[in-house]
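This report concerns only the one structure given below.
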Amino acid sequence: MLKASWKKNDKRANWLIISFSIIVFLIVTALGRVHLQVDLGFDVHVFAFANAIINSVVAVLLIAALWVVRKGNYELHKKIMLVAMVLSILFLVSYICHHLFAGDTRFGGSGGLKTFYYIILLHIFLWRVSFSRLFYLPPIVAL
């Protein structure tokens, strides 16, 4: 079996996770107040397209990682997860660039479509809650 890099509930890992989460939260929150009026020479919405592609690739990688770890291939699981993490960082950079250069985009729909849109956005909050709880639950539950 592959030796763990960090022990479960490692104080250093918890400190890094909490610090990174706070920093990312503050950056994303600040994005609502900052908009750079710069001509980059291309359509800045290409970042949104890149975000969609990156998210799709990461979703496939996470499913693949789950599949290989269930088969007991821990080395391949680790490599797939590292690629997914690097792509997630790339997504964050692209997300920040999109919001810096394109500004805020408000949803223009109404009625049931608007309700559906906001339900989809709820995943951000739910992910944050579930991700944070993962590191503070007893070991049996956090598997």
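Bear in mind that the values in this text are calculations on the coordinates, not laboratory data. In this text, all values refer to a predicted model and were calculated from it rather than measured experimentally. Here the Cβ is made from the backbone with ideal geometry for all residues, glycine too, and neighbour counts use every protein chain on show.
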Quick one: grab the alpha carbon gyration tensor of the range 11-104, order the square roots of its eigenvalues as a ≥ b ≥ c, and give me rounded if a/c is under 1.5, else prolate or oblate depending on whether a/b is larger than b/c. oblate
May I ask you to list the residues of the range 74-90 whose amide nitrogen lies under 11 Å from a point 7 Å from Cα along the Cα→beta-carbon direction of Ile27? 89-90
Point-to-point label distance, Lys79-Ser110, nm (Cα→Cβ direction, 7 Å offset): 5.4
What is the spin-label model distance, in nm, from Leu122 to Ile63 if the labels are put 7 Å beyond Cα along the C-beta direction? 2.4
